[in-house]
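Bear in mind that the values in this text are calculations on the coordinates, not laboratory data. From a predicted model like this one, the values you see are computed outputs, not experimental measurements. Glycine gets a Cβ as well: all are built from the backbone with ideal geometry, and neighbour counts include every protein chain shown.
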Amino acid sequence: MSSVVPESERAPVGVDPTRASIARVYDAFLGGKDNYEIDRQVRDRVLQVAPEAADMAVENRHFLIRACRFLAHSAGVTQFLDCGSGLPTAENVHQVVQRINPEATVVYVDNDPVVANHGKALLEDNDTTHFISADIYKPDEVLGHEVVRKHIDFSQPVAFLQVGTLHHFVGDAQGPAKVMRNYVDALASGSYVTVSHFFDPENELSEVARKMEEQFTHSPMGSGSFRTQAELDQLTEGLDLLDPGWELCAQWWPDGPQIDPLSVGQRCIAGALGRKP
């Protein structure tokens, strides 16, 4: 008699629970439940090298939330294109910006089947939030998608987000910068671009950063590059960066004073928000 797999452990259609997923590994780092054993194995391998590595995921999410609050409130942006939306472990873009402006439009882009399932759920009860399944590293595919074209007016300012995504690009070292240039070229003047990325601070923490990179890239997930400041600057070429420019996510306009010293994880992920002239 065959055993029955509990419903809570069954993988959705199109999901391979034997292969690590970027979105699910990120969810595992955040303490979420939308992940499998293979994803937790990747997380645990990185934690062996840097026990505070989970702080990268936490600070990345907090940075995203603070940036979106600024964009919706202070900048007054009403349309958001979020590439690599991830899983709804914590507050997502639409929840942050629509609390400030209920009419704000959000289009999520991701090609992970688990994320797609959550995206479909968003469509059911929110007519200003949309989801498309596409490769975020192929700007033409995203920008030309019928849903994007229907709900994003590129003649008006857009908030474009690549938060925690570009360090998972695999291929040409200049690829992430080329991807960003193609997206930025399509945006109207006055648009805003938000980016975060694993960071090699080129100091005593470089060795730890490179060990984390090795664990990510040689794990079943297969990606996770840590870039230097000079390399991060290439991602935001042509943009007017808002103060403080590229900064550790934990120190980019934090919600309060820094009480405890920054951990290794907090010092190895940086973010920036720029405006297209």
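By the beta-carbon count within 10 Å of each Cβ, the least crowded to most crowded order of R24, R66, fewest first, is R66, R24. Model label points for A121 and L241, set 7 angstrom from Cα along the Cα-to-Cβ axis, are 3.7 nm apart. FRET efficiency for the pair R149 and H218, taken as 1/(1 + (r/R0)^6) with r the Cβ-Cβ distance and R0 = 35 Å, rounds to 0.35. If you look at the Cα atoms of region 181-277, you get an Rg and a Dmax of 14.9, 41 Å. Residues S263, S191, S196 in ascending order of nearby Cβ atoms (within 10 Å, fewest first): S263, S191, S196. Normalising the Debye intensity of the chain to I(0), with uniform scatterers on Cα atoms only, and taking log10 at q = 0.16, 0.17 Å⁻¹ returns -1.32, -1.49.
Order the peptides 112-118, 147-153 from the highest to the lowest mean number of other Cβ atoms within 10 Å of their residues.
On the way: 112-118: 19.9, 147-153: 15.4.
Ranking the peptides 112-118, 147-153 by packing returns 112-118, 147-153.
In percent, rounded to a whole number, the relative contact order of region 228-277 is 53, using alpha-carbon pairs under 8 Å and six or more apart.
Dipole of region 66-130 computed with +1 at Lys/Arg Cβ and -1 at Asp/Glu Cβ about the Cα centre; of C68, G119, S85, farthest Cα towards the positive end is C68. Panel order for K33, K138, by other beta carbons found within 10 Å of each beta carbon, from fewest to most: K33, K138.
The helix-based estimate of mean residue ellipticity at 222 nm for the chain, built from -39,500 (n - 2.57) per DSSP H run of four or more residues and divided by its residue count, is -11000 deg cm²/dmol to the nearest 500.
In a reduced charge model with +1 at each Lys and Arg Cβ and -1 at each Asp and Glu Cβ, region 54-275 shows a dipole moment near 260 debye about its Cα centre.
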